[in-house]
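Written out below as structure tokens is the structure these notes cover.
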Amino acid sequence: MSNPETRTMQYDNLFASQVMPVVSDTMTIAKSGLLKRGSVLTAAGALVTKTDTATDDVYAILAEDIDTTSAAGEAAVYLTGEFNASALTFGTGATAALMKESARKVGIFFKQSF
């Protein structure tokens, strides 16, 4: 009998609950470096940011890690769902609290873990 392969699964707690249906799709992710699962994205495929003069609108949550250091690429995203705010990644100046209203407009909900 050969040695069985052992695999482990590590949960990242990206989802806060399963009350809101999760809709997934693919989209082009802008050339911006290494982005991790849970990155909060604009419709242009870039990290959501907030400055004194402008705020990006939330469009999707990245479903998988992607390296866009040398070029834009296609990746799976979540278009709706309930997400654990502490498991999300935002761009400069943006936080779950600041982006909550924008996210709700597209059916994305940020929840705090307890």
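Scanning the stretch 80-114 for residues that are acidic (Asp, Glu) and within 18 Å of Val19 (Cβ to Cβ) yields a count of 1. Taking every residue in the stretch 94-107 that is within 17 Å of Asp25 (Cβ to Cβ) and pairing it with any residue that is modelled with pLDDT of 95 or more and polar (S, T, N, Q), at least 6 positions away or on another chain, the pairs with Cβ-Cβ distances below 8 Å are Val106/Thr80; Gly107/Thr80. Please state which of the following conditions Gly38 fails to meet, knowing it meets all the rest: (1) touching a helix residue (DSSP H, G or I) at 6+ places or on another chain (Cβ under 6 Å); (2) touching a residue at least 60 places away in the same chain (Cβ under 8 Å); (3) within 17 Å of Lys100 (Cβ to Cβ). (2) is the only condition that Gly38 fails. Scanning the stretch 1-20 for residues that are within 24 Å of Ile66 (Cα to Cα), modelled with pLDDT of 70 or more and either β-branched (Val, Ile, Thr) or loosely packed, with under 10 Cβ neighbours inside 10 Å (or both) gives a single hit, Tyr11. In the stretch 1-85, counting only strands (runs of 3 or more DSSP E) that sit wholly within it, the ones holding 2 or more residues that are within 19 Å of Ile108 (Cβ to Cβ) span 15-17, 23-29, 60-62, 73-84.
The values are calculated or read from the model by the stated rules, or taken from the named source; none is laboratory data. For clarity, every value in this text was computed on a predicted model and none was experimentally measured. Heads up, the Cβs are rebuilt from the backbone with ideal geometry, glycines too, and the neighbour counts pull from every protein chain shown.
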